[in-house]
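Data first, discussion second: the structure below is written as structure tokens.
None of the figures in this text is laboratory data; all of them are computed from the coordinates on show. Not measured: the values here are computed from a predicted model. Cβ: placed from backbone, ideal geometry, glycine included. Neighbour counts: every protein chain shown.
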Amino acid sequence: MSEVIYMGEKNKKLSEKIEELSGEKITLCEQCGICTTSCPMADDMDITPAGIMRYSQIGDERVVDSEAIWICASCFTCTVRCPRGIDLAKVAEALRELNLRKNVDHIDVNHLDEELNELPAIAVVSALRKFTS
Amino acid sequence: MKIGVYVCHCGGNISDVVDVEKVAEFASRQPDVAVVRSISHMCSESGQRAIIDDIQQYNLDKIVVSACSPQFQGETFKKAVAKAGLNPNMVVMANIREQSAWPHHDEPENATEKAKILTAMAIEDIRKKEPVEKVTLKMGKNVLVIGGGIAGIQASLDLANAGFNVYLVEKKPTIGGHMAQLSRTFPTEDCSSCILSPKMADVAEHPNIHLMTYSEVLEVNGSIGNFNVRILKKPKYVDEDKCTACNKCTEVCPVSVPDEFNLGMTMRKAIYLPSSTAVPHSHVLDEDACLGLKPLACGLCSQVCEADAINYDDMPQYINLKVDTIIVATGFDIFDAHLKPQYGYRKYRNVINALEMERIIVEMAEGHVIRPIGKDIAFIQCVGSRDAQVGNLYCSRICCMYATKLASLLKRMDPSREVYVFYTDLRAFGKGFEEYYRTAQELGVKFIRGRPGELAEDPESKKVVVRVEDTLTRKIIEKKFDLVVLSVGLVPGEGTVKIAEMLKLPRSADGFIKEAHPKFRPVDTPVEGIFVAGCAQGPKDIPDTVAQASAAAARAMSLMNKGEYEMSPIKAFVHEDLCDGCGLCVEACPVDAIKVAGVAEINVAVCKGCGACISSCPRNAIDLRIFSNEEVMAQVDAALRDKKPGEKRIIMFADDMCTYTLADGVGTAKLKYNSNTYIIRVPSSSRVTPEMMVRAFEKGADGIFLGECEAAVSPYPDTLKVIEENVKKAREMLARAGIEEDRIQYSPFVTVMFKKFVALANKMLRMAEKYGDIPEEKRRRLGMEKVIYHE
């Protein structure tokens with residue numbers, strides 16, 4: 001069964017928000033996929049980097065809740081390879097920010113014990129930043 | 001002086017907004033006006049008839065047509081007055097449609113007032129106008145074609161067949177260019193060198209073509225009708241006429257070096273035939289590779305040459321030519337894949353570029369296996385094209401199709417091969433291209449939509465690992481290939497860059513030579529008499545190249561065939577009694593049209609009529625025909641006449657190519673801007689001197705705006721710099737008189753910047769309103785200010 005995405009005001013708003021927060025023109029992405037094959041973490045992502053760009057272009061909320069944006073290691077390889085000159089790392093950061101603004105606690109920093117060893121460092125940093133910024 | 005003024009209704013386009021009868025009545029009260037009429041359609045047969053009849057009946061000697069834009073109907077009325085026996089310069093148009101009725105359609109009273117003033121400006125302009133003689137130039141029939149690829153070959157043959165005298169210069173020892181290296185051509189799969197070699201032979205045999213291979217253009221001076229060219233003919237050490245290409249010299253030559261024709265994948269000797277289809281069909285001795293000529297170290301080749309064609313004492317020759325036109329066909333280079341190090345070109349043994357693949361296939365067809373190519377072959381598209389990371393934003397246009405072709409050929413040769421093409425967008429836009437793409441798919445070529453980030457080499461098998469996101473399934477796929485072919489894009493050739501600099505041809509942002517107009521003058525360059533064809537102008541396939549070459553040949557013929565060439569009469573001229581020969585104008589001229597011999601002299605063949613020289617002259621000794629200081633200032637005066645206290649008038653100088661066209665576009669789109677803006681058409685705003693700006697304020701202007709073409713589209717080089725300097729000087733004078741400096745503004749435009757135009761025009765008015773009227777006393781003080789010339 002194929003899914004139909006009904007494009008509405010919500011989609012438009014999310015795309016605009018991502019552009020505003022990242023400062024990047026996401027409509028520039030031509031979906032070549034060079035980011036995905038350049039990404040050292042792509043194999044572990046639920047949405048590929050090029051997919052993240054696609055979801056962002058159509059303003060699909062699922063990109064904000066994706067695991068991929070937390071798996072991103074911010075290594076910037078995508079950024080230096082993008083033939084359209086898009087800074088994908090900034091887009092990922094914008095998406096993380098949007099996720100955090102939802103105020104959903106995935107990690108309770110006050111009760112981190114044995115989980116600490118398993119969590120990606122970026123997740124801990126982000127969780128802590130929520131309380132400091 | 002008897003002037004006839006004709007006010008057009010434009011079938012309601014004007015008369016629905018502007019009260020044309022009031023404009024006509026106003027015109028009848030202007031000095032020297034003898035006849036005034038308002039007519040429904042001035043441009044119609046009957047409208048033109050009215051002008052012609054009146055000229056004959058009332059002996060009118062000057063005509064003003066208050067109607068639409070002179071860019072739209074200017075030529076019509078020039079022809080009409082010429083029919084009646086007047087000089088074509090004896091008509092001026094007041095643009096009351098695009099500049100009044102349309103942009104001010106919701107304020108009819110203001111539109112009518114503005115139409116009156118625009119008409120008065122035209123009347124004052126024509127009162128100062130003098131008949132202007134045609135500027136013609138004698139033209140011979142000699143053409144220099146630079147570059148002997150398919151573009152240069154086609155252009156040379158067309159011109160030579162039409163009876164013109166062609167000098168074809170090629171830097172390599174043979175003509176043919178890249179086309180001679182290709183396997184087959186898409187989409188027909190013709191053998192490339194087979195269809196090219198008859199044309200190459202035609203060039204060699206044509207009595208009207210003087211072929212100079214192994215030669216370079218060193219220097220070009222002069223201008224259309226009189227280009228002086230200096231050419232270096234490098235020594236070949238083999239007499240082209242005597243050599244029979246028997247190949248004995250090559251057989252005995254002990255030196256081997258990489259063969260350029262096969263991109264270094266095979267070796268050639270120091271004395272060699274450049275290719276099997278070389279034209280001229282003669283060997284050449286590579287002096288850098290030879291064991292030694294002076295003194296002679298080896299001499300084996302000479303001993304075996306039965307034709308006695310080898311001459312070790314050959315010397316470089318310098319040839320001077322005089323030609324009337326030039327065609328630049330200097331071609332392209334392939335993108336250097338080293339600039340994408342992540343693809344491992346020349347680092348991984350099994351990564352090659354597409355031109356190397358072409359040569360491998362050609363050699364294979366002739367039974368020479370240059371290198372193994374294996375079963376699994378991948379093509380990677382857009383290498384060096386459409387890539388901000390290497391600064392090439394453009395599509396190279398041919399790679400999709402040549403990869404499709406090479407993939408098809410490989411698949412046909414051995415259907416058990418697996419051939420993949422990794423692409424981002426597949427562009428099959430040409431005639432027969434889409435069908436050809438389909439044929440490749442039928443053959444089983446696999447097209448995968450995805451761009452690999454990097455390639456890796458399997459350390460043992462030396463196979464190349466391609467890892468790519470199939471963006472259609474959103475899955476990452478990985479496969480090992482025996483060979484990866486990089487579909488490299490096209491970049492401006494080294495020769496193209498060199499020749500562009502030598503001939504002062506501007507290049508567009510992509511680095512290729514810029515055409516004079518992207519739509520209507522696609523093979524002309526902004527330099528009169530120089531044309532461009534083929535990949536020197538931008539990436540293109542063979543049919544487009546040939547079409548362009550024929551077009552360039554036809555354009556060159558149309559200039560030369562009449563024996564004389566009529567130039568635009570807008571040219572700088574010198575008041576010899578005022579000129580003291582200081583030479584400041586020489587430096588100011590962006591096209592080197594001025595030289596000083598006692599007094600300044602203008603080379604009308606070179607002068608493009610921008611007027612950038614005028615403001616450089618401290619003695620007002622240099623001026624511009626048709627747009628002289630007097631003619632322009634007469635319009636300024638008329639635009640500011642009878643200004644009431646508190647009323648605001650802004651003078652906008654608009655360059656003809658961009659700003660004036662833009663203002664017409666804004667009017668046509670019925671976009672509104674204030675009716676206080678009065679536009680004066682000039683070839684370039686650089687002809688507006690600081691003195692003129694200051695005089696305009698003295699006469700009551702509240703603001704001055706100068707619009708100019710953006711440098712990238714301007715027909716004149718560097719005028720924005722002149723404008724900047726002029727504005728600076730004028731602002732200094734304003735400041736000394738205590739007047740706000742920013743009453744003078746300028747901006748570059750292109751013809752589509754509608755919003756920017758409206759915003760800037762309105763901003764000028766808001767500023768004038770904010771500052772209020774310039775007090776009488778300050779204007780008097782300004783009248784005493786003089787331009788201070790720096791340096």
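Please work out whether chain B counts as rounded, prolate or oblate from its C-alpha gyration tensor, where a ≥ b ≥ c are the square roots of the eigenvalues and a/c under 1.5 means rounded, while otherwise a/b larger than b/c means prolate and anything else oblate? The shape class here is prolate.
In this structure the amide hydrogen of B:D190, modeled in the peptide plane, comes within under 5 Å of the amide hydrogens of B:T185, none closer than 5 places in sequence on its chain. Summary of the geometry: the stretch B:278-300 and the stretch B:308-345, compared by the centres of their Cα atoms, lie 18 Å apart. In chain B, the longest principal axis of the Cα atoms and the axis of helix B:629-640 are about 60 degrees apart.
What ranking do B:20-29, B:558-567, B:726-735 get when scored by the average of other Cβ atoms within 10 Å per residue, highest first? Could you put the intermediate results ahead of the total?
Values: B:20-29: 18.5, B:558-567: 15.2, B:726-735: 20.0.
So the peptides B:20-29, B:558-567, B:726-735, ranked by packing, come out B:726-735, B:20-29, B:558-567.
As a calculated quantity, the FRET efficiency between B:N247 and B:E501 at R0 = 25 Å, using C-beta atoms, amounts to about 0.05. Note on the stretch B:67-125 and the stretch B:507-560: Cα centroid distance 35 Å, given to the nearest whole angstrom.
What FRET efficiency comes out for the pair B:E205/B:K462, r = Cβ-Cβ distance, R0 = 51 Å, nearest 0.05?
Details: r = 49 Å, r/R0 = 0.95.
Plugging the Cβ-Cβ distance into 1/(1 + (r/R0)^6) gives 0.55.
Once you have the Kirkwood Rh of the protein assembly as shown from its Cα pairs, apply Stokes-Einstein at 4 °C and 1.567 mPa s and quote D in µm²/s.
Working: Rh = 32.8 Å.
In µm²/s, the coefficient rounds to 39.
Determine the sum of side-chain charges near A:D46: Lys and Arg each +1, Asp and Glu each -1, restricted to other residues whose C-beta is under 12 angstrom from that of A:D46. Could the numbers behind the result be given before it?
Values: positive: A:R62, B:R474; negative: A:D43, A:D44, A:D65, A:E67.
With Lys, Arg at +1 and Asp, Glu at -1, the net is -2.
Ranking B:L218, B:I370, B:M357 by how far each Cα lies toward the positive end of the dipole of the protein assembly as shown (charges on Cβ) leaves B:L218 at the top. Counting only alpha carbon atoms, the long axis of helix B:192-205 and the longest principal axis of chain B meet at about 70°.
Mean separation of Cα pairs under 8 Å and 6 or more residues apart, divided by the residue count, gives the stretch B:342-491 a relative contact order of 33 percent. The phi-based Karplus calculation (6.51 cos²θ - 1.76 cosθ + 1.60; θ = phi - 60°) puts the 3J(HN,Hα) values of the stretch B:264-276 at x, 7, 10, 10, 10, 8, 5, 10, 7, 8, x, 7, 5 Hz, whole numbers, x for Gly and Pro. Highest mean packing first, where packing is the average number of other Cβ atoms within 10 Å per residue, the peptides B:45-58, B:609-622, B:401-414, B:436-449 line up as B:609-622, B:401-414, B:436-449, B:45-58. Taken residue by residue and averaged, Cβ atoms of other chains lying within 10 Å of the Cβ of A:78-86 number 4. Take the Cα of B:M1, step 7 Å toward its Cβ, do the same at B:M364, and the gap between the two points is 8.0 nm.
Across the stretch B:179-187, coupling constants 3J(HN,Hα) worked out from phi with the 6.51/-1.76/1.60 Karplus curve, θ = phi - 60°, read 4, 5, 8, 7, 6, 9, 9, 8, x Hz, and Gly and Pro carry x. Each part reduced to its alpha carbon centroid, the stretch B:149-195 and the stretch B:726-765 end up 52 Å apart. Considering only A:F76, A:I47, A:C29, the residue lying farthest towards the positive end of the dipole of chain A is A:C29, judged by Cα position with unit charges set on Cβ.
Dipole magnitude for the protein assembly as shown: computed about the Cα centre from +1 point charges on Lys and Arg Cβ and -1 point charges on Asp and Glu Cβ, it is near 1300 debye. Look at the stretch A:46-59: the mean tally of other chain Cβ atoms within 10 Å of its residues' Cβ atoms is 1.
For Cα pairs less than 8 Å apart in space and 6+ apart in sequence, what is the mean separation divided by the residue count of the stretch B:236-314, i.e. the relative contact order in percent?
Values: 127 pairs, mean separation 33.2, N = 79.
Relative CO of the stretch B:236-314 lands at 42 percent.
Using Cβ point charges alone (K and R +1, D and E -1), the dipole size of the stretch B:622-725 about the Cα centre works out to roughly 520 debye.
Averaged over its residues, how many other protein chain Cβ atoms are within 10 Å of peptide B:384-390's Cβ atoms?
On the way: counts 0, 1, 4, 7, 6, 8, 1.
Per residue, the average neighbour count from other chains is 4.
Cα axis of helix B:354-365 to longest principal axis of chain B: angle in degrees, 0 to 90, nearest 10? The angle comes out near 40 degrees. Shown for B:C399, B:C253: other C-beta atoms within 10 Å of each C-beta, ranked fewest to most, produce the order B:C253, B:C399. When only Cα pairs below 8 angstrom with a gap of at least 6 residues are kept, chain B shows a relative contact order of 11 percent. Of the peptides A:36-42, B:708-714, the order by per-residue mean of other Cβ atoms within 10 Å, starting with the highest, comes out as A:36-42, B:708-714. Extending 7 Å from the Cα toward the beta-carbon at both B:Y318 and B:E724 defines two label points whose distance is 3.8 nm.
Dipole magnitude for chain B: about 1340 debye, using +1 per Lys or Arg Cβ and -1 per Asp or Glu Cβ, origin at the Cα centre.
As a check on your grasp of the helix formula, calculate [θ] at 222 nm for chain B: sum -39500 (n - 2.57) over DSSP H runs of n ≥ 4, divide by the residue count, round to the nearest 500. Can you show the working numbers first?
On the way: 20 runs with 238 residues, N = 791.
Value at 222 nm, helices only, nearest 500: -9500 deg cm²/dmol.
Pairs from the table (A:K13/B:K475; B:K498/B:K519; B:K79/B:K114; B:K648/B:K672) lying more than 21 angstrom apart at Cα are A:K13/B:K475; B:K498/B:K519; B:K79/B:K114. Toward the positive end of the charge dipole of the stretch B:573-713, with +1 on the Cβ of Lys and Arg and -1 on the Cβ of Asp and Glu, the farthest Cα among B:V666, B:I704, B:V694 is that of B:V666.
Extension gain, B:A735 to B:A307, is 145.9 nm, computed as 0.36 nm per intervening residue step minus the present C-alpha separation.
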